[in-house]
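Chemist: Pasting a structure here, questions to come.
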Amino acid sequence: MKFLFILSLFLSVNGFAQAELFVDPEEPAEFPGGSVALKKFIAENLVHPQEAIDSGYQGVCRVQFLIDEDGSCKNFVVRNGVADCPSCDREVLRVLKLMPKWKPGLLDGKPIPTKYMLPVVFNLKAN
């Protein structure tokens, strides 16, 4: 339970659209298999760019995207990238665009588009 609470501090779900007003879903959108499966998906697909490793770049890339009514993910925007490392930001976008459809957020039992903010960490580990 503590793990899920900490994870909820990093993941944010809110409704949004450019021309329409959306409210927070009663049931948030969810990656197939939940947050543990999302972390596993990212870990298995994300590659720390070699130029970033060589330069010692690490940090957090925060990406916002839309989860549509059918669970499709689109409109990916880097809101806060890894400092001085656009290749890290591009890698995060590449991986997130590979994601399968999510379970969409629900309001009154009906799917609604929701936005999702996801932080992805690049960390250089000592060997």
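Chemist: Of (1) open to solvent by 80 Å² or more (accessible area, probe 1.4 Å); (2) touching a residue at least 40 places away in the same chain (Cβ under 8 Å), Leu106 satisfies all except one. Which?
Modeler: Looking at each condition in turn, Leu106 falls short on (1).
Chemist: On to the next question. Scan segment 60-76 residue by residue and report those that are outside any strand (DSSP E or B) and open to solvent by 40 Å² or more (accessible area, probe 1.4 Å).
Modeler: Glu69, Asp70
Chemist: Given the condition under 14 Å from the mean Cα position of the chain (by Cα), under 26 Å from Asp24 (Cα atoms) and either touching a residue at least 24 places away in the same chain (Cβ under 8 Å) or open to solvent by 20 Å² or more (accessible area, probe 1.4 Å) (or both), answer yes or no: does some residue in segment 43-52 qualify?
Modeler: Within segment 43-52, none of the residues are under 14 Å from the mean Cα position of the chain (by Cα), under 26 Å from Asp24 (Cα atoms) and either touching a residue at least 24 places away in the same chain (Cβ under 8 Å) or open to solvent by 20 Å² or more (accessible area, probe 1.4 Å) (or both).
Chemist: Also, I was wondering about something else. Could you check how many residues of segment 46-81 are closer than 28 Å to Gly105 by Cβ, among the aliphatic types (A, V, I, L, M) and in contact with an Asp or Glu (Cβ under 7 Å, 6 or more places away or on another chain)?
Modeler: Selection size over segment 46-81: 2.
The values are calculated or read from the model by the stated rules, or taken from the named source; none is laboratory data. Predicted model only: the values in this text are computed from it and were never measured. Please note: Cβ atoms are built from the backbone with ideal geometry, for glycine as well, and neighbour counts cover all protein chains shown. The area values use the complete protein model at the heavy-atom level, side chains included, leaving out ligands, DNA and RNA. Shrake-Rupley method; radii C 1.70, N 1.55, O 1.52, S 1.80 Å.
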